[in-house]
Each structure stands twice: as C-alpha cells, then as structure tokens.
Amino acid sequence: QVQLVESGGGLVQAGGSLRLSCAASGRTGSNYAMGWFRQAPGKEREFVATMYWSGTRPDYADSVKGRFTVFRDNAKNTMYLQMNSLKPEDTAVYYCAARMGLIDRIPSDYAYWGQGTQVTVSS
C-alpha cells in the first residue's frame, strides 16, 4: 500500500508560481512511477507530469512543458510539482498518484491517489 498526501495549492494571479507537494509513505521504491494529474470542473482528469520514484525520466504534457517541473526530495520522501508562469487554464484540482511499473500518462493505470489540492489562477 502507498499513501499520498498533497499540499501547496491555493489562489495565485496569472504569471505567478506555486509549488505542490506530495508526501508518500508505505511501500514506495525504485520500482514505482509517480504522476501528477489535474481535473477541472466538467472535464476529465488529465495528465500533467510523471517520473520514476528515483526522480529519473520526467515527462510532461505539452500544455505544461517548459513551465512545470517535477522532482523529488529524497530526504523527505516527497515529490514536488513546481509550477511557473501559471495561466487561468491551469485552474484545477491537482492529484498525485503512484503505480508499480513504468511511467505512464493514463490516469486509470495508477493504483494509488492522493486527495487532491485546489489550484486557482486568476486572470
């Protein structure tokens, strides 16, 4: 079992930055892939970023490439999503997720999910 807890969401103006955290506990390890997803009202959950638990092989959705960075603090067992140059269309509930196996962009392939954190970007 893997437990995930997100934090760091909030309200920010367009062009601003936020850093989301995903604290992991339980059976995490190098054979796990981690992901960030988001869901806006009335829309399906969509892929944002993924990487291996080791921090290698980051992959990003085209919509966030160059603005968002996913990384891990080994000492804190925490994954982060640094979000810069935020846009109103980035407004959504952001979720972190974990799966055993390869990095993956499909939400339904992830077995473990956090509770989500709201990000609101005002124009």
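The values are calculated or read from the model by the stated rules, or taken from the named source; none is laboratory data. Owing to the predicted nature of the structure, the values given are computational and were not obtained by experimental measurement. Here the Cβ is made from the backbone with ideal geometry for all residues, glycine too, and neighbour counts use every protein chain on show. To get the accessible areas, we keep the full protein, side chains included, count just its heavy atoms, and leave off ligands, DNA and RNA. Shrake-Rupley method; radii C 1.70, N 1.55, O 1.52, S 1.80 Å.
Brief remarks follow.
- Residue 1 paired with residue 76, simple spin-label distance in nm, labels 7 Å along Cα-to-beta-carbon: 2.5 nm
- Highest mobility in the GNM of the chain, judged by mean-square fluctuation with C-alpha springs under 10 Å and restricted to 48, 12, 70, is found for 12.
- Eligible lysines near residue 65 by straight Cα distance, threshold 24 Å, same-chain separation 8 or greater: 43, 87
- Shape of the chain, Cα gyration tensor, a/c cut at 1.5: prolate
- Which of 90, 59 is most accessible, then next, and so on - probe 1.4 Å: 59, 90
- Residues with amide H under 5 Å from that of residue 116, placed H, sequence gap 5 or more: 6, 96
- Between 48, 15, 34, the Cα set farthest toward the positive side of the dipole of the chain (charges on each charged residue's Cβ, about the Cα centre) is that of 34.
- Relative contact order of the stretch 8-110, pairs being alpha-carbon contacts under 8 Å that are 6 or more residues apart, as %: 37 percent
- Average Cα contact separation per residue, the stretch 82-123, under 8 Å, 6 or more apart, as relative contact order %: 55 percent
- DSSP beta bridges confined to the chain are antiparallel in about 90 percent of cases.
- In plain terms, the chain from residue 23 to residue 56 could stretch by 10.1 nm, reckoned as 0.36 nm per residue minus the Cα-Cα distance.
- Under the convention that each Lys and Arg Cβ holds +1 and each Asp and Glu Cβ holds -1, the size of the dipole of the stretch 1-106 around its Cα centre is about 160 debye.
- Separation in nanometres of the label points that stand 7 Å from Cα toward Cβ, at residue 39 and residue 102: 2.6 nm
- Here's the picture: a label point sits 7 Å out from the Cα of residue 84 along the beta-carbon direction, and within the stretch 12-55 the residues with their amide nitrogen under 14 Å of it are 15-19.
- Of all accessible heavy-atom area on the chain, the percent that carbon and sulfur account for (1.4 Å): 49 percent
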